[in-house]
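A short worksheet on the structure shown next.
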Amino acid sequence: MRTQTGFDAGAVSARYASVREAIDRATRDAERAPNSVQLVAVSKLFPGDAIVPVLELGQRAFGENYVQEAKTKWPPLREQWPDVELHMIGPLQSNKARDAVALFDVIETVDRESLARELAKEIQRAGRSPRLFVQVNTGEEPQKGGATPADSDDLIKICRQKYHLTIEGLMCVPPAEQPPSPHFALLCKIAERNGIRCLSMGMSADFEQAIMLGATHVRVGSAIFGLRN
Ligand SMILES: *Cc1c(COP(=O)(O)O)cnc(C)c1O
């Protein structure tokens, strides 16, 4: 069945089911507890009616990259599915911190002190505390967000001690042209030495490897929704 904007809802549902199966299989293969890996369905650039079939199948955690897009897309969906959990996974400008705190349940892209400061201020003001992950630029790519591996311990400490923020997880996006596993292993090491429990790593192409290396959250977009325009 096609939705209003031409999405093949049946295809989205089928792809969603096979991603869920692959996650369960990888979790078993890694001898990890069932349900220890949360699927964050990345719905950026897809309209609400592509997302509805996945909501109807029970998916509740979604990732978005752009504050403005999420702000127009999600409020109507949330009226119908109030238990949706929205993850901010894109670069966050400090001047969008207020909107992000109001809208998101998890902000995965805390990557510099100035942003931590703004988030702390807005959390105080709003009395609403999204869960926070620090993004690590494991490949040290200049065009990518995230603290360098060398700076990440300091940033985590600053978040905790100076701004009294709880850092629940780490997130990374490995370089596209490299094998991802060393990057996942590095993220895991940084988390361990900082006493951090959650690891958001793995996307459509590599979520199984990420699960093998301890991912607690995998962010999967195109394998569910299809190719983005
Ligand atoms: C778009 C995006 C994803 C999803 O990527 P797919 O390859 O479509 O699964 C995951 N994480 C981040 C940070 C993204 O920007």
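The values are calculated or read from the model by the stated rules, or taken from the named source; none is laboratory data. Everything quoted here is computed from the prediction, not taken from an experiment. Cβ coordinates were reconstructed from backbone atoms using ideal geometry, including for glycine residues, and neighbour counts include every protein chain displayed.
Of note, LYS189 satisfies the criterion of being more than 11 Å from the ligand (Cβ to nearest atom), among the basic types (Lys, Arg) and over 21 Å from ALA22 (Cα atoms).
Taking the criterion of being within 24 Å of LEU170 (Cα to Cα), within 14 Å of the chain's Cα centre (by Cα), more than 16 Å from the ligand (Cβ to nearest atom) and modelled with pLDDT of 95 or more, would at least one residue in the stretch 74-93 satisfy it? Within the stretch 74-93, one or more residues are within 24 Å of LEU170 (Cα to Cα), within 14 Å of the chain's Cα centre (by Cα), more than 16 Å from the ligand (Cβ to nearest atom) and modelled with pLDDT of 95 or more.
Only residues that are in a helix (DSSP H, G or I), farther than 15 Å from LEU199 by Cβ and within 19 Å of the chain's Cα centre (by Cα) were counted in the stretch 140-153, giving 0. Can PRO149 be described as loosely packed, with under 15 Cβ neighbours inside 10 Å, out of contact with any Gly (no Cβ under 6 Å at 6 or more places or on another chain) and farther than 30 Å from TRP74 by Cα? In short, no. Cβ separations smaller than 8 Å between residues 6+ apart or across chains give the following pairs from the stretch 131-153 residues that are touching a residue at least 12 places away in the same chain (Cβ under 8 Å) to residues that are of a type in the set (Ser, Thr, Tyr) and assigned to a strand (DSSP E or B): PHE133/THR109; PHE133/SER200; GLN135/THR109; GLY145/THR109; GLY146/THR109. Look at (1) of a type in the set (A, V, I, L, M); (2) surrounded by 16 or more Cβ atoms within 10 Å (Cβ to Cβ); (3) within 16 Å of the ligand (Cβ to nearest atom) and you find that ALA11 fails only one, number (2). Of the residues making up the stretch 105-120, those that are within 14 Å of the ligand (Cβ to nearest atom) and more than 11 Å from the chain's Cα centre (by Cα) are VAL110, ASP111. In the stretch 169-183, the residues that are in contact (Cβ under 8 Å) with a residue 12 or more places away in the chain reach residues that are aromatic (Phe, Trp, Tyr) with C-beta atoms within less than 7 angstrom, at least six apart or across chains, in these pairs: GLY169/PHE133; LEU170/PHE133; MET171/PHE133.
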